[in-house]
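The structure appears below as structure tokens.
Every number in this text was worked out from the coordinates using simple rules, so none of it is lab data. What you see is a predicted model, and the numbers here were worked out from it, not measured in a lab. Here Cβ is always computed from backbone atoms with ideal geometry, including for glycine, and neighbour counts include all displayed protein chains.
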Amino acid sequence: MNVRIEVRGWVKAVDWDTEGTLTFSNDISQQQAEQALRRFWNRVDTALYGNAAKRYGKRCERLNVIEGDGIASRYHFHIAAKRPSERFATITAFADFLRKQWLADNPNNFVVSFAPIRDVERYTNYITKNIQRGHCDALILDSSHISAAS
């Protein structure tokens with residue numbers, strides 16, 4: 001069994017439409033990076049769904065992948081997200097919203113980019129390139145949220 005192929009199939013089962021890249025401008029630990037990502041998604045979910053985010057687990061669908069080693073290359077996240085169509089008419093509006101939410105807590109980041117995914121196959125292959133047999137540590141599942149595949 002090829003783990004990377006299995007993960008890619010699982011990721012492609014969701015109709016992701018928004019990609020994101022968040023690169024930290026300073027040297028931080030992986031734990032600090034993941035904590036910043038959790039705060040970001042909590043902010044997003046609360047802004048979108050209010051108390052329903054905590055009470056009922058209402059969340060924006062997303063998959064977070066970490067890259068970098070904190071030494072030779074800074075930690076950064078690649079994100080695949082699904083626009084909540086009931087809240088945003090366009091992917092661009094959703095991308096702008098996400099960017100503002102990230103910058104509210106992390107104003108000094110090096111790269112903050114959210115945009116429509118142009119080629120889902122290519123983007124999925126790119127964000128899963130570090131998945132290897134025996135481990136999927138690049139996937140940050142505790143801050144990801146994936147509903148049943150459509």
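Only Lys, Arg, Asp and Glu count, each charged at its Cβ (+1, +1, -1, -1), so figure out the dipole size of the chain about its Cα centre, rounded to 20 debye. Mind dumping the intermediate values first?
On the way: 21 positive and 17 negative charges, 68 e Å.
Using only the charged Cβ atoms, the result is roughly 320 debye.
Obtain the nm distance between the two label points defined at Ala47 and Leu103 by a simple spin-label model: each point lies 7 Å from its Cα along the Cα-to-C-beta direction.
Simple spin-label model gives 1.1 nm for this pair.
For Ala52, what is the net charge nearby, where nearby means another residue's Cβ is under 13 Å from its Cβ and Lys, Arg count +1, Asp, Glu -1? Before the final figure, lay out each step's value.
Numbers: positive: Lys54, Arg55, Lys58, Arg59, Arg87; negative: Asp45, Glu86.
Computed value for this residue: +3.
Give, in nm to one decimal, the length gained when the segment between Arg122 and Ser25 is fully stretched (0.36 nm per residue of separation minus the Cα-Cα distance).
Length gained between Arg122 and Ser25: 32.3 nm.
Let me check against my output: what whole-number percent is the relative contact order of the chain, with C-alpha pairs under 8 Å and at least 6 apart? Intermediate results must be reported in sequence, preceding the final value.
On the way: 226 pairs, mean separation 60.6, N = 150.
The normalised contact order for the chain reaches 40 percent.
Find the Cα radius of gyration of the chain, compare it with 2.2 N^0.38 Å by division, and give the number to two decimals.
Working: Rg = 14.9 Å, N = 150, 2.2 N^0.38 = 14.8 Å.
Expressed relative to 2.2 N^0.38 Å, the Cα Rg reads 1.01.
Report the chymotrypsin sites (Phe, Trp or Tyr not before Pro) located in the range 1-70 that are in a DSSP loop and have at most 11 other Cβ atoms inside 10 Å of their Cβ, or state none. Each step should come with its number before you reach the end.
Details: sites: Trp10, Trp16, Phe24, Phe40, Trp41, Tyr49, Tyr56; in loops: Trp16, Phe24, Tyr56.
The qualifying sites are Tyr56.
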